[in-house]
1. Short version: ³J(HN,Hα) in whole Hz for each residue of the stretch 145-152, in order, from phi by Karplus 6.51 cos²θ - 1.76 cosθ + 1.60 (θ = phi - 60°), x for Gly and Pro, what are they?
2. How much of the calculated P(r) for the stretch 35-76 lies past 12 Å, in percent of all Cα pairs?
3. How would you classify the stretch 117-175 from its alpha-carbon gyration tensor, with a ≥ b ≥ c the square roots of the eigenvalues: rounded for a/c under 1.5, else prolate if a/b is greater than b/c, otherwise oblate?
4. Ser161 to Ser101: extension gain in nm, 0.36 nm per residue of separation minus the Cα-Cα distance?
5. Enumerate the amide H contacts of Tyr88 below 5 Å, restricted to partners 5 or more residues apart or on another chain; note that Pro and chain-start residues carry no placed amide H.
6. List, in order, the whole-Hz ³J(HN,Hα) value for each residue of the stretch 85-95 obtained from phi through the Karplus relation with A = 6.51, B = -1.76, C = 1.60 and θ = phi - 60°; use x for Gly and Pro.
7. Please work out, to two decimal places, the log10 of the ratio I(q)/I(0) at q = 0.14, 0.15, 0.24 Å⁻¹ from a Debye calculation in which every Cα of the stretch 42-108 carries one identical scatterer.
8. Calculate one ³J(HN,Hα) per residue across the stretch 67-81 by plugging θ = phi - 60° into the Karplus curve 6.51 cos²θ - 1.76 cosθ + 1.60, and present them in order as whole Hz with x for glycine and proline.
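Each value in this text was obtained by applying a stated rule to the coordinates, not by laboratory testing. Source: prediction; values computed, not measured. Cβ placement follows ideal geometry from the backbone for every residue including glycine, while neighbour counts extend to all protein chains displayed.
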Amino acid sequence: MRSPLMRRLGLTAVLALALAVFGPAPSASAADPAPAELTFATDSATTTPGGTVNLSMTISNNKTYDIWFVYQTIEPTWLTTQRPDLKYGFTGCSLTTAAGSTPCSGTGPANLGANYGATIPPGQSRTVTLTLQVAADSGCNGDIGFYSYFYAEFGDRTNVSGGPVYTPETRVLCA
């Protein structure tokens with residue numbers, strides 16, 4: 001007959017061996033934030049033909065080094081391209097800084113990254129606002145949406161790319 005003490009010692013030995021071979025279980029911790037994050041917002045969810053909507057894009061630096069360089073594209077979503085009656089274009093661009101808004105260039109699907117005014121220090125963000133103009137003869141009852149890919153380089157010689165990141169959709173309503 002085996003003694004209970006021997007069973008406990010055997011179980012303890014097996015657990016110790018498993019711990020030695022496989023290591024301790026990983027501890028639960030909060031996930032680290034992405035080194036750089038791109039977010040979108042609009043000032044209105046709807047507009048009418050002839051109206052405008054401001055599309056704000058904010059890139060945040062969650063790393064401990066400066067962002068030195070940003071490259072970003074913006075393209076219409078597939079559903080937006082399926083509505084040829086929707087007519088729109090980007091007519092303005094501004095960078096929001098501590099001193100206020102300053103004009104920028106590079107609207108449309110070109111390199112929007114230059115507009116962020118990199119260098120972006122750790123823990124800070126920059127917001128670029130594009131003005132989306134809906135043509136007066138545009139079709140109605142359709143959604144206009146975009147997606148974006150971005151690439152950022154940091155002062156520690158690392159980089160990150162992300163996307164697709166989707167904008168909120170703007171509904172073009174008939175008046």
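1. Per-residue couplings from phi come out as x, 9, 10, 9, 10, 9, 9, 10 Hz.
2. Values: 606 of 861 pairs.
Above the 12 Å cut-off, the stretch 35-76 has 70 percent of its Cα pairs.
3. On the way: a/c = 4.09, a/b = 2.68, b/c = 1.53.
Prolate, since a/c reaches 1.5 and a/b exceeds b/c.
4. Numbers: separation 60, 0.36 × 60 = 21.60 nm, distance 2.67 nm.
Roughly 18.9 nm would be gained on extension.
5. The list, which skips near neighbours in sequence, is Ala135.
6. 7, 7, 10, 7, x, 8, 10, x, 8, 9, 9
7. The computed values of log10 I(q)/I(0) come out as -0.62, -0.70, -1.38.
8. So the Karplus estimates, Gly and Pro as x, are 7, 8, 8, 10, 10, 9, 10, 9, 9, x, 5, 4, 4, 5, 6 Hz.
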